[in-house]
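A short worksheet on the structure shown next.
Any read-out appearing in this document is the output of simple, stated calculations on the displayed coordinates, not a laboratory observation. What you see is a predicted model, and the numbers here were worked out from it, not measured in a lab. Because the Cβ atoms are built from the backbone with ideal geometry, glycine has one as well, and the counts that use them run over all protein chains shown.
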Amino acid sequence: MKSTLKRSEKLAGAWKPEIIKTKSQYKAAMARVEQIFASKPGTPAGNELELLLLLVEKYEEDAFPISRPHPVAAIRFRMDQQDLKPKDLVPLLGSKSKVSEVLSGRRPLSLAMIRNLVAELSIPADILLQETPIDVREKHPRQS
């Protein structure tokens, strides 16, 4: 382990700014970040740290993407956080039946519903505006 640490320190010390594309480049960049983390902004080391952190952030976004939650999952999560019951959403969504339909995935969110959820529950609009398939259940044909 000691030889691995020394090797990564040598790699990090010789690190030159470049797009991080591999796990080994990522590890070397992180080792260098640790070495210069306390650098003051505006100094050569501080500028290097700022550049390294941008490159690391870009690599992490590409290598470890985080998908956005489904709108209904986001609503249920916020309900759980704020200890809300479905009846508490009636003023935001319109009626008890609309709340039930939205939470079961049978009704899409309207623009008015989204505005209310953003304003009252602070759920990001981009989460609620996602296109999602609606659970359309076959209705019984009308008897003539």
Starting with the fewest neighbours, write out F64, F77 ranked by other beta-carbon atoms found within 10 Å of each beta-carbon. F64, F77
Ranked list, fewest to most other Cβ atoms within 10 Å of each Cβ, for K87, K27: K87, K27
Straight-line reach from K16: which aspartates and glutamates have a Cα under 18 Å away, not including same-chain ones fewer than 8 places off? E34, E48, E50, E57
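For R76 and A125 in one chain, what is 0.36 nm times their gap in residues minus the Cα-Cα distance, to one decimal in nm? Don't jump to the answer; show the numbers that get you there.
Details: separation 49, 0.36 × 49 = 17.64 nm, distance 1.52 nm.
Value of the extension gain: 16.1 nm.
Using a Förster distance of 25 angstrom, determine the FRET efficiency expected from the C-beta separation of E60 and L103, and round it to 0.05.
Rounded to the nearest 0.05, the efficiency is 0.15.
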So if we plug the beta-carbon distance of E18 and A45 into 1/(1 + (r/R0)^6) with R0 = 25 Å, what FRET efficiency do we get, rounded to 0.05? 0.90
